[in-house]
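First the structure, in the form of structure tokens, and then the observations on it.
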Amino acid sequence: MKFADHLNKEQIRKFNQLRHTSRNQKEKKSKPIAKQQERLSQRDLLILMGANRDTYKRVRGSVRRK
């Protein structure tokens, strides 16, 4: 038995209205929202890339920081 068999015409009309409004709301929500991108300074970029890390070198068996 179908769902519509248990409802009268007025209830079916209301149900269809709700279904169409919910579809419209989903379409509106699915649009991508433009995010504001974070601007990083040159120093922050170098820190993230690890460019300012210490370098180590082996000198006569021991490790020295350069």
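The values are calculated or read from the model by the stated rules, or taken from the named source; none is laboratory data. Model, not experiment: these values are computed from the prediction. Because the Cβ atoms are built from the backbone with ideal geometry, glycine has one as well, and the counts that use them run over all protein chains shown. Areas reflect the complete protein model, heavy atoms only, side chains present, ligands, DNA and RNA absent. Shrake-Rupley method; radii C 1.70, N 1.55, O 1.52, S 1.80 Å.
Worth pointing out:
- Subset of the stretch 42-66 (residues that are assigned to a strand (DSSP E or B) and touching a strand residue (DSSP E or B) at 6+ places or on another chain (Cβ under 8 Å)): 56, 57, 58, 63, 64, 65
- Residue in the stretch 27-39 that is at pLDDT 85 or above, open to solvent by less than 90 Å² (accessible area, probe 1.4 Å) and of a type outside the set (S, T, N, Q) present: no
- Scanning the stretch 1-14 for residues that are of a type outside the set (A, V, I, L, M) and modelled with pLDDT of 85 or more yields a total of 6.
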